[in-house]
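The values are calculated or read from the model by the stated rules, or taken from the named source; none is laboratory data. The model shown is predicted, which means the values in this text are computed figures rather than measured ones. Positions of Cβ are generated from backbone atoms using ideal geometry, with glycine treated the same way; all protein chains shown enter the neighbour counts.
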Amino acid sequence: MQELIDKQKALYHTGQTKPYEFRIAMLNKLKKLIKDNETSILDALKKDLNKSEYEAYTAEIGYLYAEINHIIKDLKHWMKPTKVAAPLTHKGSKGMIYKEAYGVTLVIAPWNYPFQLALSPVLGAIAGGNTVVLKPSELTPNTSHLLADLITKNFDRAYFSVVEGDKDVSQKLLDQRFDLIFFTGSVPVGKIVMEKASQHLTPVVLELGGKSPAIVDEDADLDLAAKRIIWGKCLNAGQTCIAPDYLYVHESVKDALLSKLVVSIKEMYGDQPLENEEYSHIVNERHFDRLVDYIHNGNVFHGGEHKRENLVIEPTILTDATWDDRVMQDEIFGPILPVFTFHTIEEVVEAVRSNEKPLALYYFTEDEDRQQHIIEALPFGGGAMNDTLMHITNPNLPFGGVGQSGVGSYHGKASFDAFTHEKSILKQTTKFDFAFRYPSSKTGLSVI
Ligand code: NAD
């Protein structure tokens, strides 16, 4: 590892990774590599998570193309030094902000979108002019091996290298000295990453998780709310960091919404989701058993069936769980949706506030004043009004958490910013000098 990092550092110091042309060439190279290997990528994702071609294409491959195109389109503009205004006291000088690459960066990725979440931060690293070491998740070995194979064969390891392995490898990497660490994963491991980074005061971006609420108010369009909540909850079998974790529905529309949720499940996954080849599997037995235990934390309104040999769990709606149950203590990260009711929105505000700041929040109401109230009353990473997940797909919206759901953000320009140090430079004139700043000098303007 030390030898790899030394090599990357040496390359970074040659300046080769910094020119605009080099960054664009590397982004295009990565895009072509994905394009040429779409079949192998789809195959690896099918083996690791039983991802359907549709889900794998939209949420992993297509997502990366959109992000690469967006970065290529605007990178030149982002890289330009920006001039800032100078106060009167600074007359004669120019204030400039230069966009400097950090240097050698580390990206640690999770297993749930194992291709996209590995490469999406790497795009930021490349756009920023850095070198990068990527550690994919060991829980999705087919995707991890494929990434290692493709990157090793096509990129100079001194520029972009994949190191495969489990948490021990991850910790060894974290013991090295990087210039920036970008981590996507769970809250407990995020704390380990931050602690390790503190040894060298390495800056970190932490993209973490948590419990993201969906709220449906009395005036919401219930058909659309049901469809969009089930889509957001069941994509990748609920193994999505910004999936609606639990649902609060206004008491007066609870029954109507619950039946529409069931209709939406049937429309999207059929009467027998366990047999549906397009429905993602749970990543491993440990997570499967954890999720099945949650099903006993309330009354099953719909679903609840599961098959351990295929690691598949039906989309499940749970009523009558409490905040003391494990299903409400943990991030669910699976296709189980506990449902609670409320009479006034302040009950929901209080419940959400009494927990960690969520990564996402979704509020369904036609009333813009109510939307504004929730946006202002509750801290959360980001979210959507009358939708789920879609905020993550707009490259102009920075994506990240707040508090325990994350530190920093990325996507589009925010990815470039995350991997770029803003170096402030004052360019002073030598044509004249203000005397007043010097001790015991006369005040006034002295022209040299
Ligand atoms: P995880 O934290 O277990 O693992 C993430 C990475 O860290 C993996 O590469 C793993 O090898 C490594 N790792 C695991 N334990 C480690 C340790 N003790 N020390 C050092 N490295 C270690 O997370 P996961 O299970 O892969 O992913 C699920 C979590 O990630 C969920 O909480 C989810 O919400 C979150 N997530 C967040 C986002 C986001 O963008 N905010 C996206 C996807 C997933």
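Below is a table of values for the structure above.
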{"item": "When residues of the stretch 134-168 are limited to those that are outside any helix (DSSP H, G or I) and in contact with a strand residue (DSSP E or B) (Cβ under 6 Å, 6 or more places away or on another chain), the one farthest from the ligand (Cβ to nearest atom)", "result": "Tyr159"}
{"item": "Selection within the stretch 327-385 - polar (S, T, N, Q) and in a loop (DSSP other than H, G, I, E, B)", "result": "Thr344, Ser354, Asn355, Thr365"}
{"item": "Test: residue in the stretch 299-310 that is in contact with a Phe, Trp or Tyr (Cβ under 7 Å, 6 or more places away or on another chain) and in a strand (DSSP E or B)", "result": "no"}
{"item": "Qualifying residue in the stretch 169-177 (condition: within 13 Å of the ligand (Cβ to nearest atom), over 23 Å from Lys18 (Cα atoms) and of a type in the set (Asp, Glu))", "result": "yes"}
{"item": "Any chance Ile242 is within 16 Å of the ligand (Cβ to nearest atom) and closer than 20 Å to Ala56 by Cα", "result": "yes"}
{"item": "The stretch 387-401: number of residues that are surrounded by fewer than 17 Cβ atoms within 10 Å (Cβ to Cβ) and part of a loop (DSSP other than H, G, I, E, B)", "result": "3"}
{"item": "Pairs, first closer than 11 Å to Asp219 by Cα and modelled with pLDDT of 95 or more in the stretch 360-387, second of a type in the set (Val, Ile, Thr) and surrounded by 20 or more Cβ atoms within 10 Å (Cβ to Cβ), C-beta under 7 Å, six or more apart", "result": "Phe364/Ile215; Phe364/Val216"}
{"item": "The stretch 300-327, subset touching a Gly at 6+ places or on another chain (Cβ under 9 Å) and either more than 19 Å from Ala225 (Cα to Cα) or among the basic types (Lys, Arg) (or both), residue surrounded by the most Cβ atoms within 10 Å (Cβ to Cβ)", "result": "Ile313"}
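Residue by residue, here is whether (1) over 19 Å from the mean Cα position of the chain (by Cα); (2) assigned to a helix (DSSP H, G or I) holds:
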position	(1), (2)
Lys196	yes, yes
Lys211	no, no
Glu218	yes, no
Ala225	yes, yes
Lys233	no, yes
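The rows are residues; the columns are (1) away from the ligand (no atom under 16 Å from the Cβ); (2) assigned by the TED database to the domain that holds Pro244; (3) out of contact with any Gly (no Cβ under 6 Å at 6 or more places or on another chain); (4) among the β-branched types (Val, Ile, Thr).
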{"position": "Thr341", "(1), (2), (3), (4)": "yes, yes, yes, yes"}
{"position": "Val349", "(1), (2), (3), (4)": "yes, yes, yes, yes"}
{"position": "Gln372", "(1), (2), (3), (4)": "yes, yes, yes, no"}
{"position": "Ala377", "(1), (2), (3), (4)": "yes, yes, yes, no"}
{"position": "Pro398", "(1), (2), (3), (4)": "no, no, yes, no"}
{"position": "Tyr410", "(1), (2), (3), (4)": "no, no, no, no"}
{"position": "Ala418", "(1), (2), (3), (4)": "no, no, no, no"}
{"position": "Lys431", "(1), (2), (3), (4)": "yes, no, yes, no"}
